[in-house]
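All remarks here apply to the structure that follows.
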Amino acid sequence: MFDEEAHGREFPLVFTASREAHDIFRLGQPLGIEMVSEELIGRMTLGVDSDAQAIQDFFVRMLRINAVNSRMAGPGERERADFLESFLKDNGFAVTRVDVEDSEAPGGIRPNLSAKLEGKDGKRNLWYISHMDTVPEGSRDLWKTDPFEPTIRDGKIFARGAEDNGQSLVASLFALLTLKKLEIPLSYNVGVWFVADEEFGSNYGIKQLLRRRLFKESDLVVVPDSGSPRGTDIEIAEKSLLWMKVTTKGKQVHASLPSKGLNAHRIGMRLAMEFDGTLNAKYRKRNKLFDYPVSSFEPTKKEANVGNVNTIPGLDVFYFDCRVLPVYSLDDVETDVKKTIKRFEKKYHATIKFEEIEKEPAGPSTAEDSEVAILLSRAVSKISRVKPRFVGIGGQTVGNLFRKEGIPTVVWSTVDDVPHEPNEYSRIANLINDTKVFAAAPLLGTS
Ligand SMILES: [Zn+2]
């Protein structure tokens, strides 16, 4: 894991993201805060290392508790939440519990838990937010071990939910516990949230907590629910998502007499090609944070039309998957789409219907020089000894829900990226490393 190029003493850490970042992240500068941090970081890492076996054992115990989302035919989060709540209480934390009513869940509730340590500035919070629920195990035949009896092999713990999101949940919990045990002074509050229902839309989890105003714009939010194998990638931006369905109605006739009918398939194809050309041409700004650096407008699903070759189809249905850079508005895209549809209806005398299948605008990207991005970058370079880079993704995480509320949020963890797979696992080394990263961030300050 040691990245010599980034961390050798003689090389200043060159941060690629921006010039400000380069200045902020130079390590080894003889600043008072740096000296203080060194001592605190040393105590903290020793604390985590001496608890390593206990952390692992706790992780195994938690993974044994089936927490498959209750909307996915599982028992839900309740037993796991009770287990976590009593552990927090046993360790002297006051626990905030938000039970959201859900008549379909066993026991009628979906639990959400929080605990925190008070800092000097009691008005600000650094939150680590992970989810307790998991997806089902899927076909048991594909598992080499029992998905609910965690198995340790080759430094990995195999179980459903080990990576998604158990590793980060346990890492953030023990980061908090380590800070508490060492009585390390904090400049602001540091806390964890363990939430319900992330795997089925967060309607009984984060969305409820946001509605109840449990987070503030001044909060710093880390969502450790996605990541990269070396922990290099800090996600600060996501694209807006629009799935559209377009239905064209013409007139079905025998293929030998095309003039009697109206070929909906031909009009649909022309329309799809028109979208393909015009949308990709108009929304063409680039953002190098993203692996695919421009917006994408892709024709994807196509519904079957007639069952035989000699009939002219009277109905055509196609779909587009649009992933749009946060600099653009999805409403503008839709306006363009609807204008084009109007034009096509007039030109071809067909009826064309537009439907949104899914629409999720992205919140504003979290700034590279925001406090939470700086804190986490510092912690990652210090503990993981890799050169962090800021990235954007084409998918969406719950990080977007916070960004939409104007709360700067980063998504980060060290994982091999095997969520939802059979034989899902967490590397024990990553569990311990990320525990240290989460505990280090609040100690490293930003000034
Ligand atoms: Zn997850």
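Structure notes:
- Answer from S226, S218 - the residue that is of a type in the set (G, A, S), open to solvent by 10 Å² or more (accessible area, probe 1.4 Å) and more than 16 Å from the ligand (Cβ to nearest atom): S218
- L177 among the aliphatic types (A, V, I, L, M) and either within 19 Å of L220 (Cβ to Cβ) or outside any strand (DSSP E or B) (or both): yes
- Taking the listed residues P408, P419, the one that is open to solvent by 20 Å² or more (accessible area, probe 1.4 Å), within 15 Å of the ligand (Cβ to nearest atom) and either over 24 Å from A367 (Cα atoms) or in contact (Cβ under 8 Å) with a residue 60 or more places away in the chain (or both) is P419, with no other qualifying.
- Residue ID - nearest to the ligand (Cβ to nearest atom), chosen from residues in the stretch 383-405 that are open to solvent by 40 Å² or more (accessible area, probe 1.4 Å) and part of a strand (DSSP E or B): I393
- The stretch 422-438, residues that are open to solvent by less than 10 Å² (accessible area, probe 1.4 Å) and either part of a loop (DSSP other than H, G, I, E, B) or of a type in the set (A, V, I, L, M) (or both): E424, L431, V437
- Those residues of the stretch 131-171 which are in a helix (DSSP H, G or I) and within 16 Å of the ligand (Cβ to nearest atom), in sequence order: A162, E163, D164, N165, G166, Q167, S168, L169, V170, A171
- With respect to the conditions (1) away from the ligand (no atom under 16 Å from the Cβ); (2) within 30 Å of Y425 (Cβ to Cβ); (3) open to solvent by 10 Å² or more (accessible area, probe 1.4 Å), R212 falls short on a single one, namely (2).
- Qualifying residue in the stretch 184-204 (condition: away from the ligand (no atom under 16 Å from the Cβ) and open to solvent by 40 Å² or more (accessible area, probe 1.4 Å)): yes
- Complete set of residues in the stretch 83-118 that are among the charged types (D, E, K, R) and either part of a strand (DSSP E or B) or in contact (Cβ under 8 Å) with a residue 24 or more places away in the chain (or both): E85, R97, D99, E101, D102, E104, R110, K116, E118
- Summed over the stretch 166-203, residues that are more than 19 Å from L214 (Cβ to Cβ) and small (G, A, S) total 5.
- Boolean, R80 is modelled with pLDDT under 95 and within 26 Å of G399 (Cβ to Cβ): no
- All positions within the stretch 231-247 that are in a strand (DSSP E or B) and within 15 Å of the chain's Cα centre (by Cα): D233, I234, E235, I236, A237, E238, S240, L241
The values are calculated or read from the model by the stated rules, or taken from the named source; none is laboratory data. Keep in mind that what you see is a predicted model, and the values were worked out from it rather than measured. Glycine gets a Cβ as well: all are built from the backbone with ideal geometry, and neighbour counts include every protein chain shown. To get the accessible areas, we keep the full protein, side chains included, count just its heavy atoms, and leave off ligands, DNA and RNA. Shrake-Rupley method; radii C 1.70, N 1.55, O 1.52, S 1.80 Å.
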